[in-house]
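Structure first, then comments.
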Amino acid sequence: MSERKVKIAKRIMIFWTLFIGIGAVAGAVGMLVAPDGSAMGMQALLPYFQVLPFSDVLFQNFIFPGISLFIVNGISNLTAFYLIMRNKRIGAYLGCAFGVTLMLWIIIQFVIFPPNFMSTIYFIFGLLQFICGIVYIIFLKQDSFHFDASGYTEIGKQPKTLVVYYSRLGYTRKIAYETANETGADLYEITTSERTHGFLGFAWLGRFGMHGWGMPIHPIKVDLSGYDKVILVSAIQVFKVAPPMREFCRESQGKVRQLECILVHFRKDSTYNSAFTEVEELLQVRAAKRKSIVCKFGRKVEEYAI
């Protein structure tokens, strides 16, 4: 699924960089072939250039604007296109950046020219290129994350402790395995029959999270009363505990003797105290330890006790 998302995002970015690049080159050639703007039907726009600073040197015709267009939006996007085709990650970053460049280019046109459809639509194109570039970069980072569970040899050696986790992309799974390996605890994964993979799954999970609902989970197959301590490891979704973990807590109310809670998220500026409190209220037990872990694409950035 991850590889499929990357391929789709790549094709979209190939389209934008090629479309914008070829369009800019074609426009630049038209300006250079006919510096008076006649080839592009732009003669009426030349007087707007001729009132700009240094107009007596740069803007008596369309040669300088043509060269600028060729370099700023033409060669740049075609370079990004080539790098994306070669699967170079820098191409994704450049393609995203050149979406911003196009928007800045059009903003200048908004200042110089009267309102017009062509400038507006190309500003939208630049915005779409930028957004698609961000998505492509995120998908590339997600695809580069690979989790190998074979090295965690201490899991299960302390059978009185249980680590329970829910993970959509695998980042929280890695934290859970590390925690179980450090403590020798048993490990249990919460699973759901709802769709949580891909963008649609992300949106569906977000719907449950936004409303504070618990997402239906598969029957719990572990006897919590048989453990002295349970460590919950959950991602934060829509600023709250993940919906499958919320449902697990509801179904496990009163069954946990001693609780520790670990929340995994990507924001350094939030402690998510309300999420810790929600878990404690659902389970009707106060956490002996609270830990917040800032995680970026499976890599720990920071962790601290609450």
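The values are calculated or read from the model by the stated rules, or taken from the named source; none is laboratory data. Since the model is a prediction, treat every value here as computed from it, not as a measurement. Every residue, glycine as well, gets a Cβ built from its backbone with ideal geometry; the counts of neighbours run over all protein chains shown.
Mind checking whether some residue in region 39-62 is at positive phi and modelled with pLDDT under 95?
Of all residues in region 39-62, those at positive phi come to 41, 54.
Right, trim to modelled with pLDDT under 95 and you get 41, 54.
The answer is yes, given that some residue of region 39-62 is at positive phi and modelled with pLDDT under 95.
Just to be sure I understand the filter: pairs with C-beta atoms under 7 Å, separated by 6 or more residues or on different chains, first member in region 34-49 and more than 11 Å from Pro65 (Cβ to Cβ), second member surrounded by fewer than 16 Cβ atoms within 10 Å (Cβ to Cβ) and modelled with pLDDT under 75. Which pairs pass?
Asp36/Gln43
Would you confirm whether or not region 194-215 contains a residue that is touching a Leu at 6+ places or on another chain (Cβ under 6 Å), under 26 Å from Ile12 (Cβ atoms) and part of a loop (DSSP other than H, G, I, E, B)?
yes
Please count how many residues of region 119-131 are surrounded by fewer than 17 Cβ atoms within 10 Å (Cβ to Cβ) and touching a residue at least 60 places away in the same chain (Cβ under 8 Å).
Filtering region 119-131 down to residues surrounded by fewer than 17 Cβ atoms within 10 Å (Cβ to Cβ) leaves 120-121, 124, 127-128, 131.
The next check asks that each one be touching a residue at least 60 places away in the same chain (Cβ under 8 Å); those that pass are 128.
Within region 119-131, residues that are surrounded by fewer than 17 Cβ atoms within 10 Å (Cβ to Cβ) and touching a residue at least 60 places away in the same chain (Cβ under 8 Å) number 1.
To keep it simple, each residue is scored yes or no on (1) within 29 Å of the chain's Cα centre (by Cα); (2) on the phi > 0 side of the Ramachandran plot.
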| site | (1), (2) |
| --- | --- |
| Met118 | no, no |
| Val135 | yes, no |
| Lys174 | yes, no |
| Arg195 | yes, no |
| Gly198 | yes, yes |
| Ile217 | yes, no |
| Asp228 | no, no |
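Counting residues that are among the charged types (D, E, K, R) and closer than 20 Å to Lys174 by Cβ, which strands (runs of 3 or more DSSP E) fully inside region 221-306 reach at least 2?
On the way: elements: 229-237, 259-265, 287-296, 299-305.
Result: 287-296, 299-305.
What's the number of the only condition in (1) touching a helix residue (DSSP H, G or I) at 6+ places or on another chain (Cβ under 8 Å); (2) surrounded by fewer than 14 Cβ atoms within 10 Å (Cβ to Cβ) that Val233 fails to meet?
With respect to (1) touching a helix residue (DSSP H, G or I) at 6+ places or on another chain (Cβ under 8 Å); (2) surrounded by fewer than 14 Cβ atoms within 10 Å (Cβ to Cβ), Val233 is out only on (2).
Can you go through Ser252, Ser270, Ser274 and tell me which one is of a type in the set (S, T, N, Q), touching a helix residue (DSSP H, G or I) at 6+ places or on another chain (Cβ under 6 Å) and under 22 Å from Trp213 (Cβ atoms)?
Working: Ser270 fails: touching a helix residue (DSSP H, G or I) at 6+ places or on another chain (Cβ under 6 Å); Ser274 fails: touching a helix residue (DSSP H, G or I) at 6+ places or on another chain (Cβ under 6 Å).
Unique residue meeting the criteria: Ser252.
Considering only residues of region 92-113 that are in contact (Cβ under 8 Å) with a residue 24 or more places away in the chain and not hydrophobic (A, V, I, L, M, F, W, C), which is farthest from Gly41 (Cα to Cα)?
Among those residues, the one meeting the criterion is Tyr93.
How many residues does region 132-153 hold that are exposed (fewer than 13 other Cβ atoms within 10 Å of the Cβ) and free of Cβ contacts under 8 Å to residues at least 60 places away in the same chain?
Matching residues across region 132-153 total 6.
Please indicate, with yes or no, whether at least one residue in region 106-118 is in contact with a helix residue (DSSP H, G or I) (Cβ under 8 Å, 6 or more places away or on another chain), in a helix (DSSP H, G or I) and surrounded by 15 or more Cβ atoms within 10 Å (Cβ to Cβ).
Among the residues of region 106-118, at least one is in contact with a helix residue (DSSP H, G or I) (Cβ under 8 Å, 6 or more places away or on another chain), in a helix (DSSP H, G or I) and surrounded by 15 or more Cβ atoms within 10 Å (Cβ to Cβ), which makes the answer yes.
Run Lys174 past the list (1) closer than 28 Å to Lys7 by Cα; (2) in contact (Cβ under 8 Å) with a residue 40 or more places away in the chain; (3) surrounded by fewer than 22 Cβ atoms within 10 Å (Cβ to Cβ) and report the number of the one that doesn't hold.
With (1) closer than 28 Å to Lys7 by Cα; (2) in contact (Cβ under 8 Å) with a residue 40 or more places away in the chain; (3) surrounded by fewer than 22 Cβ atoms within 10 Å (Cβ to Cβ) applied to Lys174, the lone miss is (3).
When you go through Glu178, Glu154, Glu182 one by one, which is the residue that is in a helix (DSSP H, G or I), charged (D, E, K, R) and more than 26 Å from the chain's Cα centre (by Cα)?
Glu182
Taking only region 80-90 into account, find how many residues are in a helix (DSSP H, G or I) and either under 17 Å from Met31 (Cβ atoms) or free of Cβ contacts under 8 Å to residues at least 24 places away in the same chain (or both). Outline the logic, then answer.
Narrowing region 80-90 to residues in a helix (DSSP H, G or I): 80-85, 89-90.
After this cut, where a residue has to be either under 17 Å from Met31 (Cβ atoms) or free of Cβ contacts under 8 Å to residues at least 24 places away in the same chain (or both) as well, the list is 82-83, 90.
Looking only at that region, the number is 3.
Yes/no matrix, rows are residues, columns are (1) modelled with pLDDT under 90; (2) under 28 Å from Phe239 (Cα atoms):
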{"site": "Asn116", "(1), (2)": "yes, no"}
{"site": "Phe199", "(1), (2)": "yes, yes"}
{"site": "Arg207", "(1), (2)": "no, yes"}
{"site": "Met210", "(1), (2)": "no, yes"}
{"site": "Pro219", "(1), (2)": "no, yes"}
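Would you say Phe199 is farther than 28 Å from Asp148 by Cβ, in contact with a helix residue (DSSP H, G or I) (Cβ under 9 Å, 6 or more places away or on another chain) and surrounded by fewer than 14 Cβ atoms within 10 Å (Cβ to Cβ)? If you could, list the steps in order and put the result at the bottom.
Numbers: farther than 28 Å from Asp148 by Cβ: no; in contact with a helix residue (DSSP H, G or I) (Cβ under 9 Å, 6 or more places away or on another chain): yes; surrounded by fewer than 14 Cβ atoms within 10 Å (Cβ to Cβ): yes.
Here the answer is no, as Phe199 does not meet what is asked.
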